[in-house]
1. Of the residues Phe297, Phe322, only one is crowded, with 21+ Cβ neighbours inside 10 Å and at pLDDT 95 or above; which?
2. So Glu193 ticks every box in (1) open to solvent by 50 Å² or more (accessible area, probe 1.4 Å); (2) of a type outside the set (A, V, I, L, M, F, W, C); (3) closer than 18 Å to His312 by Cα but one. Which box is left unticked?
3. Output the residue which, of all residues in region 279-332 that are outside any strand (DSSP E or B) and on the phi > 0 side of the Ramachandran plot, is farthest from the chain's Cα centre (by Cα).
4. Which residue, of Asn366, Asn385, is under 19 Å from Asn90 (Cβ atoms), open to solvent by 10 Å² or more (accessible area, probe 1.4 Å) and not in a strand (DSSP E or B)?
5. Of all the residues that make up region 243-263, how many are open to solvent by less than 10 Å² (accessible area, probe 1.4 Å) and either closer than 12 Å to Ser336 by Cβ or out of contact with any Ser or Thr (no Cβ under 7 Å at 6 or more places or on another chain) (or both)?
6. Looking only at region 71-105, which residues are in contact with a helix residue (DSSP H, G or I) (Cβ under 7 Å, 6 or more places away or on another chain), under 23 Å from Thr160 (Cβ atoms) and of a type in the set (A, V, I, L, M, F, W, C)?
7. Taking region 333-350 as the region of interest, how many residues are assigned to a strand (DSSP E or B) and of a type in the set (Lys, Arg)?
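The values are calculated or read from the model by the stated rules, or taken from the named source; none is laboratory data. Keep in mind that what you see is a predicted model, and the values were worked out from it rather than measured. Using ideal geometry, Cβ is built from the backbone for each residue, glycine included, and neighbour counts are taken over all protein chains shown. Areas reflect the complete protein model, heavy atoms only, side chains present, ligands, DNA and RNA absent. Shrake-Rupley method; radii C 1.70, N 1.55, O 1.52, S 1.80 Å.
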Amino acid sequence: MAKVARVALLLLAGLAVLVSGQVDEVLKWQRVEYDVPAEVLQRENGYIPIGNIPMGAVHHKNRVFVAVARRRWGIPSTLNVVDLSPPFPNTNVILKPYPNFALNELRADLQPDANRIVTVYRPRVDRCDRLWFVDTGMMEIPGNFTVVQRPSVWSIDLNTNEPIHRFEIPKEAVETGYGLTSITLDVDPSDCEKVFVYISDLQTYRMVVYDYANRRAWRFLHNYFFLNPLEGDYLIQGINFAWDDGIFSIALGNPDPVTKFRTAYFHALSSNSEFTVSTRVLRNETASQRSWHGTDFQLLGYRGSKSQSSIHAFDPETGVIFFALIQQNAILCWDSNKPFAPQNMAIVYKNDRDIVYPNDLSIDQNGYVWFMTNSIIKLLYTQLNLDEFNFFVWRANIKQIIKGTVCDPASPPNVNSAQRFGDENNNDRVTFFEFKDKYGPGGGPYGGWGHGNGPNRPGRRP
């Protein structure tokens, strides 16, 4: 039976390429350009095209908000917007700084400024028409890391395009903003003022929780936030490399009808496993101070070989979770009402030509899953050719793309038990890497900047 299920999964993976017509290519760029004053582009280090790599894209009412993290010199604006205009794809669309250039422009002396943002990775939109993001406060230039200001949580009213909230994360919750590259929003179904923000700290293997109503922040540390050292080696576009990134993405299920708490699904980037914890635990600041969490954090199961995922997201209508698979150049789905096992998952889109590191994925309020790829592997390890298309944003109607797959709620599961570890008998031992301080901001081999033996190591933060 196991062999049959494995063959069926492979056939389904192959079929995904054939049904790729269900996926719309919405945006694509060869290089990123900006609608900013001409004198900005003419300044020294004002605009250097090769370093402008989009890190996040989220859709809201015919606009896509695009984040370009300041990991190189020459990035005029970190948070931007694109107005969509069919027919698709829209090609080489100019990015407009959002909500304006003044908020995005760095001070010449790189001094802290509460009215400016430095680096944004993956913004998110809530049901109350607000855009949320973390400003890491850092210039992540290889060999020249600069902490410009404390990391902060922001929200912007999407109806007025005005910032409405900024919270500076205290040092007790996080040392610096390095590694705060994804956020997840937990908004009360009936009260927009009750919000918890969960922030992945992939570099120090922690989760930061922000209580918006009470203006408090705290952090959790757990072994499940660490990478699996057996699953930190990658082969993408024929390039071998190793990454040590820990907790990378958090997805929230629907509220329990009785308790109103949600299940938080989370994983490290360098791991093929998925874990869960109730938001009842995460919302409890006292619980974050425990040295032992008992059984509050759980191993959900194993996604399959080479199934390392950057970002994943939960669709509240179907209960399906989508994963961006970085080694398989693909989007994977799983129905959360079925046992967590590779046989109960399906690849719904695969594109070996254009998907080179799928770096972001989100679900909008119209029933579409959106995902982006940014070719950062080429920049870090080979060469990024700005005469080719490098950055793409796709969308797919969720009900259409899962129809007939094992992810469809109408389809029965292929297996009736979860697969906890990597072998068929669930005998694998998963050893989690123990965090120790290392060279570089926030720790990590070589300070998270790839290979080499000196301070000027090539950058690689995904």
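1. Phe322
2. Single failed check for Glu193: (3).
3. Filtering first and then ranking leaves Gly294.
4. Asn366
5. Qualifying residue count, region 243-263: 3.
6. Leu79
7. Residues that pass the stated criteria total 1.
Residue-wise test of (1) among the hydrophobic types (A, V, I, L, M, F, W, C); (2) open to solvent by 30 Å² or more (accessible area, probe 1.4 Å); (3) farther than 30 Å from Cys192 by Cα.
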| position | (1), (2), (3) |
| --- | --- |
| Asp83 | no, yes, no |
| Pro86 | no, yes, yes |
| Pro89 | no, yes, yes |
| Phe101 | yes, yes, no |
| Ala114 | yes, yes, no |
| Asp126 | no, no, no |
| Val134 | yes, no, no |
